[in-house]
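Bear in mind these aren't lab numbers, they're just calculated from the coordinates by the rules spelled out. From a predicted model like this one, the values you see are computed outputs, not experimental measurements.
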Amino acid sequence: MAIPRGTFSDYLLVVRRPQAAAFLSASLISGAGSALTTIAVPIAVYQMTSSLAALGTTWVIRIVVSFITLPLAGVVADRYDRRKTMVVSNYASILADGLMLLGFVAPDLRLLMAGLAVLQAANRFHGPASAALFPRFFAPDELPVANSAKAAVGQVVSLAAPALGGLLAHGWGIAPLFVLDAVSFLVAAVIIARIRLNTEARTRDTSRPGSPTAAYRVRSFVVDMRDGLLASVASTPALVYLVTGAVGAASARLVDVIGVPLTLDVLRLGPQGLGYLYSAMAAGSLVAIVLLPLARLERADFRVYGLFEALSAGLMIVFAVSRHPLLSLGSLGVRACLDTISGVMLDTQVQKEICPSRLGRVSSAIFLSYVVGSLVGVGLAAGAGAQRATTPFVVLAALTGMVGVWVARAYPLKDPSLPRSPHIRRTLSS
């Protein structure tokens, strides 16, 4: 299927929509602030304790809080006003920054950890509401470009904000980072509160008889969570997102944990090698942002997604077994490029197929798959010890490749809305 070429002016679609532009600007501001605490928390914990075990505890807190809050967050995003949910979560994040600042200044590690738990919970309620609200600003045929613009904003934040946080930590110290993060959440909350939609509140689900709004009021959270999970596994793109999200998070944690011994002992790049590693991934993602509007890859047949996953699996193996710095870091950068494009394609497919009244719960399930994958990745890396985790990488790559082959075989070439696999057609029709 021929894909029309585009230009960077396609991104102006978001700018021409004042409400959408405000939404993305709030995401940019709060995302930049969150990157500051990403730098501040581990440094603060290590300065207070000089303990690697304490650093590991921060990961345990994030994982436990995510498991508890994400299923509830999806239901809240679908039952209540998503915009107000985001505002409340931002105010809760301000409270969390205050607790962490007090814990650092006191110093009181328990208070800092309590603030971290509140921050993680607030972020988990914010995520599904934000993901479910974003498609409301655009028509279905505008979603590919809109998701590309959203991905571009995310990559700008991920590239610039951590470096800025490191410079500020060096020049000002740790405490001001918590203050700046709180200010960013306050500004974002004010922007989101001023966004107006014609019919926000609860989205009506016309597939159910009677009054969906009344049904939401009487149905238990447990039933709603079950419905969201069923919706996640019944939609092929959402199911693919669950699997690839978990695998991608697991591989990311492997990279995080083995990054230091990899760059120091295997690639012999010295202390700056870890920076090269993350820079390679950021550069690959930025290349994806260039390719998306020019080649319209995000509008391509969903079958192409399967090809991207198969290529990503091969690049993962190259990264795992290579002993040459250029080849190892280059494969990681190209994989980051493909993963960014694949993420935009999946976002668009999920937004088109999932009923808006379930989109919050499906988004919550996808976020939860990241948490599960992160837990698996940390476990695999710990099991591998200080040596390079070649075997876990190869296993994850094999799983990624199988998903790619499944998607490529399941979807026809010309109609991405109808899988050719009878089993998948029966699943979707049910």
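Over all alpha-carbon pairs in the range 5-117, figure out the percentage whose distance exceeds 25 Å. It works out to 39 percent of all Cα pairs.
Quick one: grab the alpha carbon gyration tensor of the range 104-165, order the square roots of its eigenvalues as a ≥ b ≥ c, and give me rounded if a/c is under 1.5, else prolate or oblate depending on whether a/b is larger than b/c.
It comes out oblate by the Cα gyration axes.
Note on the range 16-196: Kirkwood radius taken over Cα pairs, Stokes-Einstein applied at 37 °C and 0.692 mPa s, translational D equal to 195 µm² s⁻¹. Working note: Karplus 6.51/-1.76/1.60 with θ = phi - 60° gives the range 321-337 the couplings 9, 6, 10, 9, x, 5, 5, 5, 6, x, 5, 5, x, 5, 4, 4, 4 Hz, where Gly and Pro are set to x.
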